[in-house]
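Below: one structure, written as structure tokens.
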Amino acid sequence: MAPPYEKTAAVVVLPAVGGGRLRDAALRRWLARADLRQLDAPRELLARVLEVLNLPYPASGLGALRMWGQTGDRPTVWIAAADPVYLEPRLDHLCLHALDAETAPVADLRPLIDHLQATLGEKEGYGFARLGAYGYLRAHEPIATSDVPAYVVHQDMPNEYMPAGEEAGAYRSLVSEVEMTLHDHETNERRIARGQQPINCLWLWGGGFAPEQETVPHPPLFANDPLLVGHWLSRTGVVANWPGDIPSCVEASVAGFVAIVPEHDDPSILERCLGDLRELLEKGRLSRLTLMFRDGIEASVEPGHRWRLWRRSSGLLDG
């Protein structure tokens with residue numbers, strides 16, 4: 001059976017491009033001729049990539065898939081992702097702030113996870129663990145969790161993303177206990193003294209069991225994102241780390257590919273990648289590009305778009 005995705009196309013996740021970040025005028029004109037759109041709301045990255053590829057999204061077990069991507073081994077128990085967040089109390093609601101590896105470094109996350117395991121985990125029979133910058137929850141009996149990671153809820157009210165109904169009771173009870181356990185931990189006292197947001201809760205999401213491994217055709221993946229890596233491994237897909245540039249992805253691919261460019265301090269990485277992708281499209285090495293920028297802008301680029309000479313700028317790019 002032929003794969004549902006276009007075999008000579010590429011899907012590439014890139015740093016933010018809007019607000020005048022793209023300084024190269026020629027690249028800005030080239031991109032303005034593409035089909036551009038702005039997402040209405042943040043979306044989970046794996047879902048966006050699989051939608052473009054016309055491949056099914058996992059029904060559950062995203063936390064276990066992420067752990068699989070980190071370790072290379074399929075977890076055999078129920079797992080949920082448990083990621084550090086700051087729940088900010090406002091006048092009439094809570095606002096969630098997602099904390100990444102930079103804002104919640106391992107040196108701060110480690111003692112908090114260890115404290116949760118030594119107190120709440122041992123008392124209630126849960127297992128709290130940390131792998132790198134990521135937290136996890138193991139439970140003997142599955143509980144309802146959120147369907148989306150914390151970055152989708154960032155600077156929004158979390159209630160709409162929490163599980164609802166009768167199954168939500170265990171979730172809300174556990175989250176409340178996590179909040180109370182972390183409230184006055186010395187790590188958070190130090191963070192507040194440094195002017196940082198405390199890590200006063202864990203966002204529990206993607207609970208479930210890892211799927212059985214099966215062979216489903218996927219294009220090669222070049223990424224360090226553990227959730228995407230875990231999904232590709234579960235489908236026996238070809239996976240490699242992001243090599244640092246687009247030409248290296250091309251050299252390792254027979255046809256198309258998926259590449260996830262990490263968040264980068266070097267602003268030139270955006271222009272280098274776009275320049276390489278434009279050249280590959282013009283030379284016919286790739287038939288189509290789907291570009292997903294981290295500020296929610298998406299671009300679908302085809303060779304024929306170069307004749308849209310009347311499109312010289314875009315409000316999405318210029319800001």
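Of note:
- For region 190-235, the normalised intensity computed at q = 0.25 Å⁻¹ comes to -0.96 (log10 of I(q)/I(0), Debye sum over alpha carbons, equal scatterers, no solvent).
- Cα principal axis extents for region 275-314, largest first, Å: 28, 23, 15
- Using a probe of 1.4 Å, the accessible surface attributed to residue 249 totals some 0 Å² when neighbouring protein chains are kept in position.
- Per-residue surface analysis assigns residue 128 an accessible area of about 10 Å², computed on protein heavy atoms at 1.4 Å probe radius.
- Comparing mean-square fluctuations of 97, 140, 218 from a GNM of the chain with C-alpha springs under 10 Å, the top value falls on 140.
- Förster radius 35 Å - calculated FRET efficiency between residue 213 and residue 24 (Cβ-Cβ, nearest 0.05): 0.25
- Residue 40/residue 73 FRET efficiency (R0 51 Å; Cβ-Cβ; nearest 0.05): 0.85
- The tail of the calculated P(r) for region 198-305 beyond 25 Å holds 32 percent of all Cα-Cα pairs.
- Residue 74 sits among other residues whose Cβ lies under 13 Å from its own Cβ, and their net charge, with Lys and Arg +1 and Asp and Glu -1, is -1.
- Filtered chymotrypsin sites (Phe, Trp or Tyr not before Pro), region 34-108: DSSP coil and at most 11 other beta carbons within 10 Å: none
- Rolling a 1.4 Å probe over the protein heavy atoms gives the chain an accessible area of 49 Å² per residue.
- Stokes-Einstein D in µm²/s, Kirkwood radius over Cα pairs - region 1-153 at 20 °C with 1.002 mPa s viscosity: 113 µm²/s
- Debye equation applied to the C-alpha atoms of region 108-149, log10 I(q)/I(0) at 0.18, 0.26, 0.29 Å⁻¹: -0.55, -0.96, -1.05
- Restricting region 69-135 to GluC sites (Glu not before Pro) that sit in a DSSP loop and have at most 14 other Cβ atoms within 10 Å of their own Cβ leaves 102.
- The accessible surface of region 2-78, taken with every protein chain in place and a 1.4 Å probe, is 47 percent carbon and sulfur.
- Binning the C-alpha pair distances of region 227-285 at 10 Å intervals from 0 yields a P(r) profile of 19, 49, 29, 3 %, listed from the shortest bin outward.
- A DSSP coil position with no more than 15 other Cβ atoms inside 10 Å describes the following chymotrypsin sites (Phe, Trp or Tyr not before Pro) in region 272-319: 310.
- Computed in the context of the full set of protein chains, the accessible area of region 119-186 at 1.4 Å probe radius has 46% of its extent on carbon or sulfur.
- Coarse-grained scattering of region 62-152 at q = 0.20, 0.25 Å⁻¹, given as base-10 log I(q)/I(0) from a Debye sum over alpha-carbon atoms: -1.09, -1.42
- Positive-end ranking of 80, 155, 131 along the dipole of region 30-163, with charges on Cβ about the Cα centre, is headed by 131.
- Average projected area [Cα convex hull, the chain], square nanometres: 18.1 nm²
- Taking the Cα centre of the chain as reference, the dipole from Cβ charges on Lys and Arg (+1) and Asp and Glu (-1) amounts to some 1400 debye.
- Residue separation of residue 141 and residue 268 scaled by 0.36 nm, minus their Cα-Cα distance, works out to 40.9 nm of gained length.
- Largest to smallest accessible area among 92, 40, 35 [probe 1.4 Å]: 40, 92, 35
- DSSP-defined beta bridges in the chain - what % are antiparallel, rounded to 5: 65 percent
- Dipole magnitude for region 28-82: about 340 debye, using +1 per Lys or Arg Cβ and -1 per Asp or Glu Cβ, origin at the Cα centre.
- When only alpha carbons of region 151-211 are considered, Rg and Dmax amount to 14.1, 44 Å.
The values are calculated or read from the model by the stated rules, or taken from the named source; none is laboratory data. Bear in mind that the values here come from a model prediction, so they are computed numbers and not experimental data. Ideal geometry is used to build each Cβ from the backbone, glycine not excepted, and the neighbour counts take in all protein chains shown. The area values use the complete protein model at the heavy-atom level, side chains included, leaving out ligands, DNA and RNA. Shrake-Rupley method; radii C 1.70, N 1.55, O 1.52, S 1.80 Å.
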